[in-house]
Amino acid sequence: MKIVITGWAVDAYLNLTKDNIFSNEEYWQKIRPDVLLLQDFPKHPKFENNKFWSVAEAKGGGLITHGFKMKWHQIGSGKVQLRLPIAVLDQTAFLCQAYVKRDEKFEKRQLAIFKTHLQLILQNRYKKCGVLL
């Protein structure tokens, strides 16, 4: 599967690193290798672990079509929960706006934003900043 880095993902990465949410070492040793597992989606066993990978849910509890989220727990010195929404369409994974999960209400707002991003991807109205190989 091809992995597309959207402008939303780049902006989120820059904000998260600016705020020291995770270290450079954590990014290269944990986050990036996990993201690269998308190349083998859904074959890699880690995608069966719902603490790492799950379908994205909308505010009312309905599933977001083509929407998933990658999850990391105890990241950074603040030991936060990091989330990365991912749209999977036609053998392509689109990395969207990552965020720190503060509480359920905040997460639902972030997933509403992701739902909008997914619609923009479907309309080809997104900024492609690169592809991970």
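Could you give me D for the stretch 44-98, from Stokes-Einstein at 20 °C and 1.002 mPa s, where the hydrodynamic radius is the Kirkwood radius over C-alpha pairs? Units µm² s⁻¹, please.
Rounded to a whole number, D works out at 177 µm²/s.
Which whole-number percent is the relative contact order of the chain (Cα, under 8 Å, 6+ apart)?
36
Can you list the lysines whose alpha carbon sits under 19 Å from that of K127, skipping same-chain ones fewer than 8 residues off?
Of all the lysines, those that pass the test against K127 - Cα under 19 Å, at least 8 places apart if same chain - are K2, K115.
Write down Rg/Rh for the chain, rounded to two decimals, with Rg from the C-alpha atoms and Rh from the Kirkwood relation over Cα pairs.
Rounded to two decimals, Rg/Rh equals 0.93.
Every number in this text was worked out from the coordinates using simple rules, so none of it is lab data. Since this is a predicted model, take the numbers as computed values, not measurements.
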